[in-house]
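> Before anything else, here's the structure in question.
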């Protein structure tokens, strides 16, 4: 699993996004399985319970592994300044 946000973006933008969420008091968890959610919080597979009035769950996306077998020049990632 990913250890960063916005995998299609440059590392600097990934760090900035995580920093902004942290500044706003958002707790971001990577590599964590959500077991259940209720009106009062969430429970994770490691047994951790978190009390929360609002829970936002997201899942990452990945290209099909066959995409890695395509030959030729790869396009640049969002946020890169390559010319």
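Bear in mind these aren't lab numbers, they're just calculated from the coordinates by the rules spelled out. It should be emphasised that the depicted structure is a prediction, and the values quoted were computed from it without experimental measurement. Don't worry about glycine lacking a Cβ; one is built from the backbone with ideal geometry, like all the others, and counts go over all protein chains shown.
> For segment 1-70, report the convex hull volume of the alpha-carbon atoms normalised per residue, in Å³, without decimals.
Roughly 104 Å³ of hull volume per residue.
> Would you please give the FRET efficiency between residue 70 and residue 22, computed as 1/(1 + (r/R0)^6) with r the Cβ-Cβ distance and R0 = 41 Å, to the nearest 0.05?
0.70
> Same structure again: Residue separation times 0.36 nm, minus the C-alpha to C-alpha distance between residue 3 and residue 43: what's the value?
12.4 nm
> Just to verify a number: FRET efficiency for residue 56 and residue 13, C-beta to C-beta distance, R0 = 25 Å, to 0.05?
The value I calculate is 0.80.
> Just round it to a whole percent: the fraction of Cα-Cα distances in segment 8-49 exceeding 12 Å.
68
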